[in-house]
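No value in this document is a laboratory result; all are computed from the given coordinates. Keep in mind that what you see is a predicted model, and the values were worked out from it rather than measured. All Cβ positions, even for glycine, are placed from backbone atoms using ideal geometry, and neighbour counts span all protein chains on display.
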Amino acid sequence: KIQDISALEVLDSRGNPTVEAQVILEDGSWGQAIVPSGASTGENEAVELRDNDPLRYGGKGVRQAVANIQTQIRNSLIQRDFMDQSQLDHQLIELDGTPNKARLGANAILAVSMAFARAQAQAQQLPLYRYLQGPFTEAVWLPVPCMNVINGGRHADNNVDFQEFMIAPHQAGSFAEAIQMGETVFHTLKALLKQRGLSTGVGDEGGFAPDLKANEEAVDLILEAITRAGYKPGEQVSLCLDPAASELWQNGHYQLSKSTGQILSTEAMIRLWEDWTRQYPIVSLEDGLGEHDWEGWKALTATLGHRVELVGDDIFCTNPALVQQGIDQKIGNAVLIKPNQIGTVTQTLDTVRLAQQNQYRIFISHRSGETVDTFIADLAVATSAGAIKTGSGCRGERTEKFNQFLRIEHRLGAAARFAGRDAFGQ
Ligand code: PGA
Ligand code: ZN
């Protein structure tokens, strides 16, 4: 039985307000959670309720979302018994009454949903990932940490168009070994940038954000860092990209406005990804095309889907209805999972299940505005996600997720498995 629910306006890693909720059960178990916030958001994401009061935090305050938890949500949930996560989440969805959680705010709803999950896990004396695992397999897999070592696009004030250049240290015996490899590459890259007179300041997700001569230079620098760190590119450490192409989309074309200003058609973009994936050891490409370019996505999948993981972020928005459309139209072969795109724990797990039942891989993700909340680390283990992206080699709100994986792996001992190269298929 839920005894009490409270909420507070706190801060995310960009210094913008976000929602923290606390749920207390009758037996004294309790859970707390903070929701993250994106910058390059998909249009079909659940609505993050902001106050739009220009006098506070540039309009980004979340006092209304907090108030919704403390009044309407609290009133409808306290002193009630919920059998499981799904029952609680459906009550929240019903109370909101809109298809995209616009009335109460997905930030309010998800904070309560996650806090309830933690409280229930505590009541059942389970680690969070075990509680979330429910119908999933018994095996306990730790994901490949895909580390976003060069930031561009909307996450950095440099001249790089593509948003994320990630390293995937997949040839490792454990998560701990993989993260050590990733950090070694990260620190080697820092030294390399310094040596070349390039900036080592970092972007929103903790990757470096230098001005470069071309987008390709980001890849060249990373490959050199991998080699200098003593690893074989493609064999031990591969690359994953998220160009976040929806952000480049203008009037039916893709515009590389931060670098050359070049304007590319859908066909030209597909050719670019064909070239890049032949030339470089890229195992995963997320949002290679924009969320409105469904026809382009079909062509991209037909061209590259058999040899590269194609992850849908903006086009799917962790939404089961959109993922189903994607499956029907043969769009992509993997789904990016961000709980705050859909707004409850149950719907997040529904999307995971739908993807997995249709042989789509899942890729768990943080947001560019994060907090030290480590919920997604447990979510990745619970769902046997092969891969996670949760930042680069630094910034506490990112490394805290890595720390949570290290704790889980340590406690599991010999029962832990590391996903490795298979995480990306082919
Ligand atoms: P966002 O970026 O959190 O700013 O939306 C992450 C992504 O595009 O994957
Ligand atoms: Zn993305």
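Residues LEU142, LEU285 in ascending order of nearby Cβ atoms (within 10 Å, fewest first): LEU285, LEU142. Using the Karplus relation 6.51 cos²θ - 1.76 cosθ + 1.60 with θ = phi - 60°, the per-residue 3J(HN,Hα) values for region 250-263 come to 9, 6, x, 9, 10, 10, 8, 6, 6, 9, 8, x, 3, 10 Hz, with x marking Gly and Pro. Sparsely packed loop sites in region 266-312 (the trypsin sites (Lys or Arg not before Pro) outside DSSP H, G, I, E and B with at most 15 other Cβ atoms within 10 Å) comprise ARG307.
In terms of distances greater than 29 angstrom between alpha carbons, the cross-link table entries LYS194/LYS258; LYS213/LYS338; LYS194/LYS232 yield LYS213/LYS338. Taking all Cα pairs closer than 8 Å and separated by 6 or more residues, the relative contact order of region 157-224 comes to 38 percent.
Working note: Cα gyration tensor of the chain, eigenvalues times five, square-rooted, sorted largest first, giving semi-axes of 34, 24, 21 Å.
Give me the net charge of THR184's neighbourhood, meaning all other residues with Cβ under 12 Å from the Cβ of THR184; Lys, Arg count +1, Asp, Glu -1.
My count for the surroundings of THR184 gives 0.
Summed over qualifying helices (DSSP H, 4 residues or more, each -39500 (n - 2.57)) and divided by its residue number, the chain shows a 222 nm mean residue ellipticity of -11000 deg cm²/dmol.
Exposed loop sites, defined as GluC sites (Glu not before Pro) outside DSSP H, G, I, E and B with at most 16 other Cβ atoms within 10 Å, are absent from the longest region of the chain, namely 236-426.
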